[in-house]
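Note sheet for the following structure.
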Amino acid sequence: MSEKPPQAPPFDEAAYARGREILVSVHGVKRFFRRGDEIVHALDGISLNIYRGEYICVMGPSGSGKSTFFNAVGGLDTPTEGRVFIDGVDMAQLNAEELAFLRCRKIGYVFQQFNLNTTMTALDNVTLPMVFAGVAPDESRARGMALLAKVELEKRWNHRPKEMSGGQMQRVAIARALANNPSILLCDEPTGNLDLKSGREVHELLHDLNKNGGVTVICATHDPNMLAVSDRMVWISDGRIARIAESRLVKIERNSLGAESGE
Ligand SMILES: Nc1ncnc2c1ncn2[C@@H]1O[C@H](COP(=O)(O)OP(=O)(O)O)[C@@H](O)[C@H]1O
Ligand SMILES: [Mg+2]
């Protein structure tokens with residue numbers, strides 16, 4: 001799909017919001033970085049409501065601010081200006097401990113590079129966030145195995161990342177992101193390093209977690225298979241929202257290998 005927003009009717013926020021509950025609210029977020037003498041406006045005034053149970057795809061060229069946006073929403077970084085509310089809580093008002101608590105329990109992260117601990121087994125990677133949350137060892141082991149079963153890797157519980165394929169590593173990373181039963185999954189180009197088949201497994205998993213697990217998925221991607229199952233698409237350009245569209249109103253061209261049905 002091209003980087004240019006395709007034609008779709010203007011987004012009607014009031015109509016879309018009806019009957020929905022706001023889960024994440026981003027208000028005028030700016031994030032500036034200093035690079036030598038230059039100030040980079042990575043985010044230049046982003047405002048967006050994300051509703052509970054939504055599947056949102058964030059698109060935009062490399063350098064447009066997608067990862068910076070995810071870091072702000074996930075509390076991994078503090079905006080230069082503006083506010084991010086999660087479930088009505090202003091993240092800027094939290095102290096370090098409260099922020100760590102919220103991040104650990106409400107938000108799961110999935111990265112393009114998997115970011116697994118390479119010296120640990122799949123199970124230990126998955127249970128690590130439970131250790132931070134104070135879950136007892138027996139329970140975390142049982143929950144970790146259940147999560148590995150969910151991503152169809154229970155037989156590989158004692159494999160380390162170097163013994164796994166990219167697709168398997170990403171599925172472990174998704175199981176880890178689910179460790180503390182978060183309401184939000186932030187996925188930053190989760191299929192960017194995967195072949196088509198593994199990418200499809202990952203997008204099917206994310207789709208299932210959203211539709212059947214009630215997890216709100218916010219995903220930076222240009223993968224047509226993900227766009228096709230999303231509720232909304234948000235285009236970011238130069239640190240601003242260039243466009244928002246309901247996915248059902250956008251014609252999404254699936255690539256031939258990834259296509260299941262023509263649209
Ligand atoms: N820590 C940083 N220091 C300096 N510049 C940064 C930093 N993080 C991101 N940027 C810059 O901010 C802009 C947006 O980056 P990023 O959010 O990573 O974009 P995307 O994920 O869409 O590729 C880019 O110009 C990038 O170089
Ligand atoms: Mg990025």
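The values are calculated or read from the model by the stated rules, or taken from the named source; none is laboratory data. Note that the structure is predicted; figures quoted are calculated from it, not measured. For neighbour counting, all protein chains shown are included, and Cβ atoms are generated from backbone atoms with ideal geometry for every residue, glycine included. Keep in mind that these areas ignore ligands, DNA and RNA; they rest on the heavy atoms of the full protein, side chains included. Shrake-Rupley method; radii C 1.70, N 1.55, O 1.52, S 1.80 Å.
In table form, for the structure just shown:
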| read-out | value |
| --- | --- |
| Value of [θ]222 nm, deg cm²/dmol, for the chain, DSSP H segments ≥ 4, -39500 (n - 2.57) each, nearest 500 | -9500 deg cm²/dmol |
| No Cys partner within the rule (Cβ under 4.7 Å), the chain | 57, 104 |
| Efficiency of FRET from Cβ geometry, residue 195 and residue 21, R₀ 41 Å, rounded to 0.05 | 0.65 |
| Pair residue 149, residue 117: separation of 7 Å Cα→Cβ label points (nm) | 2.4 nm |
| GNM result for the chain, Cα springs below 10 Å: residue of 129, 161, 137 fluctuating most strongly | 137 |
| D_trans [Stokes-Einstein, Kirkwood Rh over alpha-carbon pairs] for segment 159-201, 37 °C, 0.692 mPa s, µm² s⁻¹ | 295 µm²/s |
| Whole-Hz ³J(HN,Hα) from phi, Karplus 6.51 cos²θ - 1.76 cosθ + 1.60, for segment 104-109, glycine and proline x | 5, 9, 9, 10, x, 10 |
| Mean accessible surface per residue for segment 18-81, computed with a 1.4 Å probe while every protein chain stays in place, in Å² | 46 Å² |
| Inter-site label distance for residue 158 and residue 81 at 7 Å from Cα along Cβ, in nm | 5.7 nm |
| Most mobile listed residue (238, 138, 90) in the chain, GNM with C-alpha springs under 10 Å | 138 |
| Relative pair counts by distance (%), Cα atoms of the chain, 5 Å bins | 1, 6, 13, 17, 19, 17, 13, 9, 4, 1, 0 |
| Extension gain from residue 100 to residue 37, taking 0.36 nm per residue of separation minus the Cα-Cα distance | 19.4 nm |
| Relative contact order of the chain, defined on C-alpha pairs under 8 angstrom at six or more residues apart (%) | 26 percent |
| Surface share of carbon and sulfur [accessible, 1.4 angstrom probe, percent] for segment 13-249 | 48 percent |
| Fully extended contour minus Cα-Cα distance, from residue 142 to residue 49, at 0.36 nm per residue | 29.9 nm |
| Accessible area expressed per residue, segment 137-263, with surrounding protein chains retained (probe 1.4 Å, Å²) | 46 Å² |
| Mean projection area, nm², convex hull over Cα of segment 1-118 | 10.2 nm² |
| Top of 188, 44, 12 by mean-square fluctuation, Gaussian network on the chain, Cα under 10 Å | 12 |
